[in-house]
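Any read-out appearing in this document is the output of simple, stated calculations on the displayed coordinates, not a laboratory observation. A quick note: this is a predicted structure, and the numbers were derived from the prediction, not measured. Don't worry about glycine lacking a Cβ; one is built from the backbone with ideal geometry, like all the others, and counts go over all protein chains shown.
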Amino acid sequence: MTETISPPEPGTARGRRRRRIPVPRLPLRFALPLAIVLVAVAPLVFADAYRLRVATAAGLLAILALAMNLLIGGPGEISFAHGGFYGVGAYVLGILTVGNTLSFWPALLVATAAGTAVGVAVGIPALRTRTLSFAIATLGMGLFLANVFGGWTSVTGGSVGLANIPRAPLDGIPVPGSIFVQSGVRQFYLVWLVVLVVLVLNVVVLRGGFGNVLKSIKRSEVLVESLGFRPGFYRLATFAFSAGLAALAGGMYAQYISFVGPDNFTIFTAFNAIVVVAIGGLGNAWGTVATAIVLTVVPEYLHALDDYRVVVFAVLLFVVLRVRAALGWRT
Amino acid sequence: MTTLLTAEAVSVRFGGLQALDEIDLTLAENEFLGLVGPNGAGKTTALDVLSGRRRPSGGTVRFRGDDVTGQRSWQLARRGLVRTFQANMMFESRTVRDHIRLGIQAANGPGAFRTLLRTFGRDVGRGAEVETIAERFHLSGALDENADELPFGSQRLLGIAMSVTACTVFPGVLLLDEPLAGMNDVEMSRALDIFATLRERGFSILMIEHNMAAVSRAADRLYVFDRGRNLAEGPPEVVLADPDVMSAYLGADLDGSELPQWTGGV
């Protein structure tokens, strides 16, 4: 038996290319109407207040995870400060609406803007680093922000937190599901409306030209800069945008729960969002939303397992990552 | 001919190493310059300084008469000075289409806000412009392949395609770092044809190259660097006949009296 050493096949480097199954990509014009219909009929299907609460909680996690997805799927950075930005949004909305300084909608806008501003302030020093160092830098910022929430008692209420945050004024808006359930259906629709908007933003930005620049920056800042782009500015803009979306999620959370306390905005909050994005496909917005739903709903069925739920999650994470690797889905 | 780009007494020091020692260089409008020299002569360092990737420790760089010393490469690219890189520097697991699209986006305006606004409009990656550029650089068949899996020659051409597309200020300057390395004869003649076309379109080109035959055929003038200094400058046939240049390449005087002694082991 003779073996010949053949030169690399044309079109391949070193001739070793694995066949990959492409990541399924449904164009937005088909996927979005489908998602809108699903959201619209969901309250009719699970027509009880408990399931609706779980579904709303899934939506809140989805918004935060989508904020993280923009950062991980674009410039490829992981931030542990997003729990803090989530908290900034929640506290700003809470402080403004509890004292009746502003009504809900302007307060939500201010909360989002505040998160963006804090994102710029954190991003300017932190973005001097990359990847692992960046994760650690943001970890420090996340810890700092969590301490501010717990320690700045005169403003945040300290460890007691802020209670009686008014909910979004939605009463009287006619919605189809309200025929079956009264309580919580408007909140469900509001939260999932925000999910859909943020989802579309994710898909358009990451698939479009801006995403092309971000994904190129992730691979070589030097090459991108040589074409006239300012990589640092793109990274900062993306980080601030992502922080603003996290603050929006926080504002939605605060009005839904009607209470904010320092325990909900730690680095573990950011960690949860990172896990959702990791399972969802690192930059895959639809996968992120699907994972947020699964990771909110599944624990509800596993109450009997108590702390052993963690084992189930570990196995789930392992299986998902194995399957993705077997399909050759790189991200 | 007007002078476009000049380096005046440019020096670069890395710790104890004088990588560039008061280098002078001028590139006139529509000129094709070759930059040659032995390994370690400082050619790439000079290109890094000219393209804004590295700040010189001394000296002045002028572009279109303005002092641009210390300006970043994004600033120079927006003024019409672009470069390619020595290594095959492609974006990993991104397609040829993505690369060309990035070049077009840079041409449409590389600012973040403008790019964000355009993201909500028509996708330049799907337009006819990408196909036209791919065809011009012999990449039509590979548009949806990953760029880092292309043959090296095609990767070089793609790098040139990106920078040339991004350059919208005319007359533009193109700095090429060993563009012909690793190319076969067909690819090399294609590349040289492309350079000729770019010159017809008004580009001025500075090319670092080790292939003496190719560079002396293509270039109007050659600069020879050795150990971070200007060694010679002039038309290729004159420069390459210079005894100093020959000795720099051989690493010793021609009579062999200073040939390096082999003192190592096996």
Practice task
Pop a pseudo-label 7 angstrom from the Cα along the beta-carbon direction at both A:Phe259 and A:Ser154 and give the gap in nm to one decimal.
Solution key: 2.6
Practice task
Determine the calculated [θ] at 222 nm for chain A from helices alone, applying -39500 (n - 2.57) to every DSSP H run no shorter than 4 residues and normalising by the residue count; nearest 500 deg cm²/dmol.
Solution key: -22500 deg cm²/dmol
Completion exercise
The answer for the net charge of residues other than B:Lys43 whose Cβ lies under 14 angstrom from its Cβ, with Lys and Arg +1 and Asp and Glu -1, is -2
Practice task
Count charges around A:Leu227 for me, please; just the other residues with Cβ under 12 Å from its Cβ, Lys/Arg as +1, Asp/Glu as -1.
Solution key: +2
Exercise for the section: Could you please rank B:Phe32, B:Phe225, placing first whichever residue has the fewest other Cβ atoms within 10 Å of its Cβ? Expected result: B:Phe32, B:Phe225
Exercise for the section: Based on other C-beta atoms within 10 Å, arrange B:Phe170, A:Phe149, B:Phe120 from fewest to most. Expected result: B:Phe170, B:Phe120, A:Phe149
Completion exercise
The residues B:Trp74, A:Trp192, A:Trp329, A:Trp105, sorted from fewest to most surrounding Cβ atoms within 10 Å, come out as A:Trp105, A:Trp329, B:Trp74, A:Trp192
Exercise for the section: State, to one decimal in nm, how far the label point of A:Asn100 lies from the label point of A:Leu34, with both points 7 Å from Cα in the Cβ direction. Expected result: 4.9
Problem - Charge tally in the Cβ shell below 14 Å around B:Ile100, where Lys, Arg are +1 and Asp, Glu are -1, B:Ile100 excluded - result: -2
Exercise for the section: Divide the volume of the convex hull of the Cα atoms of chain A by its number of residues and quote the answer in cubic angstrom per residue. Expected result: 184
Practice task
Could you work out the equivalent-ellipsoid semi-axes for the range A:100-153, taking the square root of 5 times each eigenvalue of the Cα gyration tensor, largest first, in whole Å?
Solution key: 27, 15, 7
Handout entry: Estimated 222 nm signal from helices in chain B, with DSSP H stretches of n ≥ 4 weighted -39500 (n - 2.57), rounded to 500
Key = -10500 deg cm²/dmol
Practice task
State which helices in chain A qualify, where a helix is a whole DSSP H run, it must extend 27 Å or more along its own axis by its Cα atoms, and its mean Kyte-Doolittle hydropathy must be at least 1.6.
Solution key: A:104-126, A:185-207
Exercise for the section: Would you please give the FRET efficiency between A:Leu109 and A:Arg309, computed as 1/(1 + (r/R0)^6) with r the Cβ-Cβ distance and R0 = 45 Å, to the nearest 0.05? Expected result: 0.75
Handout entry: Using a Förster distance of 35 Å, the FRET efficiency for B:Asp148-B:Asp193 (Cβ separation, nearest 0.05)
Key = 0.90
Practice task
Could you check how many percent of all C-alpha pairs in chain B are farther apart than 35 Å?
Solution key: 19
Problem - Shielding by partners, peptide B:101-107 (average Cβ within 10 angstrom, other chains) - result: 5
Exercise for the section: Once you have the Kirkwood Rh of the protein assembly as shown from its Cα pairs, apply Stokes-Einstein at 20 °C and 1.002 mPa s and quote D in µm²/s. Expected result: 79
Fill in the blank from the handout: Long-range share for the range A:239-331, i.e. C-alpha pairs more than 16 Å apart as a percent of all pairs, stands at 65
